[in-house]
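Computed from the coordinates by the stated procedures, all read-outs in this text should not be read as laboratory data. Quick caveat: nothing in here was measured; it's all calculated off a predicted structure. Glycine gets a Cβ as well: all are built from the backbone with ideal geometry, and neighbour counts include every protein chain shown.
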Amino acid sequence: ESREFYLEAVAIWGKYDLILIQEVSPPPSWFPSITTCTPIYKPFPVPGMRGLLIIAHPYTARLIRCIDTPGLHTQAIEVNMTPPLIVVNVYRPPRDTSVVAEICASLATLHKQYGHSHDFVVAGDINEDLRDQTGNLCNVLFHTLMAWFPLDIIPCAQDYTWHRNGSYSCIDFILASPTLSDQLQQASSCQHNLADHKLLTATFKITPPS
């Protein structure tokens, strides 16, 4: 069972509209294997660094517009729903404090442009336990941004989202606008043997365009 077919199966058989993936190695040579979904890839401009990927279900792909983001560690799309939706894919490298300011600035720019008219979903590998509001500077920056938006933490995983060699931590999150989190129908996490991160899932009740 290869990674690409697993991801495609999640999108099609699981009926998820979008899958957000971080640290996708360039070049993504397995893109041609994705025949029924639409991959949207944002490469990292530094050679050897991994990029961000969004896989869209065929129905959802026709509703998507890509949005430029000023930061290197964020990827954004607009989805033509009711109300319209901004989805942001985020990767913060571990132990890299400087990237947090870049990510927060990128999200703030998107909020300034679309916050008055769009709901937001921000998801990815943040490498910070956002459940702890008394943590370090990075945690404080994220929580300040979440309060300003505002954004709610979707309760996908109660214990951990990452594990390796007996170590466990909760560093992956799905965040959503309060109006959207009120429409949450399901949130969960599951482990797969192809990754050391859990797959986080969230289902919202959203009205498609007429």
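Residues in segment 105-150 that are more than 16 Å from the chain's Cα centre (by Cα), within 14 Å of Val90 (Cβ to Cβ) and β-branched (Val, Ile, Thr): Thr109 alone. Within segment 170-183, none of the residues are in contact with a Lys or Arg (Cβ under 7 Å, 6 or more places away or on another chain), among the small types (Gly, Ala, Ser) and under 30 Å from Pro58 (Cα atoms).
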